[in-house]
Amino acid sequence: MKITFPYMGTYHIAFKMLIEGLGHEAIVPPKPSKKTLTYGTQNSPEFACLPFKILLGSYLEAIELGAEMVITSGGAGPCRAGYYGVLHQKILQDLGYDTKIVVMESPFRNIFDFLGKIRSVIGPSGVSWWTFGKVFRKAWEKLKVLDDIEFLSHQIRPFELKRGDTTNVFSKCLEIIDQAGTIPEINEVRVIAKKMLNDIPVDRSRQVLKVGIVGEIYVVLEPFANHDIEITLGEMGVLTHRSIYLSDWTRESTGYESTQKVIEVASPYIDELFGGHGIYSVGHSILYSKKGFDGVVQLAPFTCIPEIVAKPILNKVTQDYNIPVLTVFLDEQTGKAGLQTRLEAFVDLLAQKRDKLEGIAI
């Protein structure tokens with residue numbers, strides 16, 4: 001069977017390994033582009049958010065490459081992400097495609113439904129549960145390496161002596177990670193990739209600003225959706241730290257990692273889980289302030305209800321914790337040049353604030 005999945009950041013490398021290990025042909029969607037967004041926008045309801053449109057466009061491009069099944073994740077609460085799969089399936093049917101969308105919900109919602117959907121994927125290839133477990137473990141280890149290496153790249157980029165070095169080396173790291181096929185090889189490439197990044201010539205004497213990235217998961221993780229915001233800020237000399245990595249989100253969704261601390265710090269401002277990552281945007285912004293970050297960027301799809309609810313709360317957080325927050329609403333009309341101008345102004349503001357505080361301290 002030819003199976004595809006959402007393209008999100010670097011994670012297609014791990015997803016491809018999982019699908020192929022289960023005996024299927026992995027159809028990796030093309031990297032999201034203007035074509036992807038055009039496909040999605042033309043076939044989506046006008047009110048649909050940016051992630052909905054990019055994902056639909058990716059599925060259509062993958063179907064053109066022969067995809068027979070889409071495996072994606074679900075969602076719960078007021079966030080409309082929980083309806084993506086149903087609406088995407090209906091749109092594909094209306095367009096005349098019989099491609100099936102399998103939506104993997106959290107096992108805590110319905111463990112039997114979760115296991116049944118895994119069986120629908122591994123059944124056609126005759127793979128046993130034992131084999132599934134081994135393949136999943138390898139894909140999981142590769143996903144963690146992808147997160148570790150990307151995190152390290154964002155720690156190095158603000159200090160690089162030659163602009164673009166980190167981005168170029170990171171691309172080479174992804175190539176060798178993609179080639180690793182066993183757990184020992186994955187562990188080996190983790191060491192190699194870290195060395196490659198740590199060997200980049202840097203100037204550690206630079207005083208860099210620190211900015212946290214919060215917001216809706218897809219626009220935070222997918223560079224096409226956020227116009228490569230972390231690379232842009234890094235090359236401005238800003239050290240970024242995003243609140244969401246897929247390995248962390250997976251641990252949280254399956255109960256292996258708790259989000260209680262984030263929810264607790266947000267509770268004085270709002271004590272309701274209002275869907276999506278809204279409450280986490282609030283909680284992580286407070287934690288960034290406590291860790292000495294200079295500012296926060298909130299990334300939100302236009303019309304995203306959870307992030308719209310979070311925005312006025314973040315205004316209060318700014319007042320109480322003295323941490324500036326820049327909210328960026330993203331849709332198909334957002335341009336990279338305009339966003340860069342806003343980021344440059346925000347970074348200038350943060351630099352002036354830091355210099356003023358240092359002047360007072362002196």
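The values are calculated or read from the model by the stated rules, or taken from the named source; none is laboratory data. None of the values given here were measured: they were computed from a predicted structure. In this analysis, Cβ positions are derived from the backbone assuming ideal geometry, glycine residues included, and neighbour counts consider all displayed protein chains.
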**Report entry** Residue in the range 303-321 that is farthest from Thr38 (Cα to Cα), counting only those that are touching a residue at least 12 places away in the same chain (Cβ under 8 Å) and of a type in the set (D, E, K, R)
**Finding:** Lys316
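Looking at Ser247, Ser289, Ser258, Ser253 in this structure, which one is modelled with pLDDT under 95 and more than 20 Å from Glu216 (Cβ to Cβ)?
On the way: Ser247 fails: more than 20 Å from Glu216 (Cβ to Cβ); Ser289 fails: modelled with pLDDT under 95; Ser253 fails: more than 20 Å from Glu216 (Cβ to Cβ).
Ser258 is the lone residue from the list that is modelled with pLDDT under 95 and more than 20 Å from Glu216 (Cβ to Cβ).
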Query - Close pairs from the range 121-148: first closer than 30 Å to His241 by Cβ, partner at pLDDT 90 or above and of a type in the set (D, E, K, R), Cβ under 7 Å, at least 6 apart - result: Val145/Arg190; Asp148/Arg190
**Report entry** Residue selected from the range 87-105 under the condition hydrophobic (A, V, I, L, M, F, W, C) and more than 26 Å from Leu115 (Cβ to Cβ), by the criterion surrounded by the fewest Cβ atoms within 10 Å (Cβ to Cβ)
**Finding:** Leu95
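For (1) in contact with a helix residue (DSSP H, G or I) (Cβ under 6 Å, 6 or more places away or on another chain); (2) surrounded by fewer than 18 Cβ atoms within 10 Å (Cβ to Cβ); (3) free of Cβ contacts under 8 Å to residues at least 24 places away in the same chain, each residue gets a yes or a no:
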site	(1), (2), (3)
Thr4	yes, no, no
Gly21	yes, no, no
Pro30	yes, yes, no
Lys34	no, yes, yes
Thr38	no, yes, yes
Leu55	no, no, no
Met69	no, no, no
Report summary line: Per the list (1) in a loop (DSSP other than H, G, I, E, B); (2) within 17 Å of the chain's Cα centre (by Cα), residue check on Ile13 breaks on (1)
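Among the listed residues Glu46, Glu61, which satisfies the condition of being on the phi < 0 side of the Ramachandran plot, modelled with pLDDT of 95 or more and either over 18 Å from the mean Cα position of the chain (by Cα) or not charged (D, E, K, R) (or both)?
Details: Glu46 fails: modelled with pLDDT of 95 or more.
None of the other options fit; the residue is Glu61.
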Report summary line: If we ask which residues in the range 322-362 are in contact (Cβ under 8 Å) with a residue 40 or more places away in the chain and of a type in the set (Ser, Thr, Tyr), their number turns out to be 1
Report summary line: Among Arg242, Arg190, the single one that is in contact (Cβ under 8 Å) with a residue 12 or more places away in the chain, touching a strand residue (DSSP E or B) at 6+ places or on another chain (Cβ under 8 Å), among the charged types (D, E, K, R) and surrounded by 17 or more Cβ atoms within 10 Å (Cβ to Cβ) is Arg242
**Report entry** Residues satisfying the stated conditions in the range 88-119, i.e. at pLDDT 85 or above and polar (S, T, N, Q)
**Finding:** Gln89, Gln93, Thr99
Report task. Return the total of residues in the range 146-161 being among the hydrophobic types (A, V, I, L, M, F, W, C) and over 15 Å from the mean Cα position of the chain (by Cα). Result -> 4
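It is to be established whether one or more residues within the range 285-302 are touching a Cys at 6+ places or on another chain (Cβ under 6 Å) and touching a residue at least 24 places away in the same chain (Cβ under 8 Å).
yes
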Query raised in the report: Limited to the range 119-138, what total is found for residues that are within 25 Å of Gly57 (Cα to Cα) and buried (at least 17 other Cβ atoms within 10 Å of the Cβ)?
Result: 1
Query raised in the report: Residues in the range 1-30 that are farther than 24 Å from Gln93 by Cα and of a type in the set (D, E, K, R): how many?
Result: 2
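Condition check: charged (D, E, K, R) and under 27 Å from Lys356 (Cβ atoms). Does Lys311 satisfy that?
Taking the combined requirement at face value, the residue satisfies it.
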Query raised in the report: What residue, of Leu146, Leu115, is part of a helix (DSSP H, G or I) and under 17 Å from His12 (Cα atoms)?
Result: Leu146
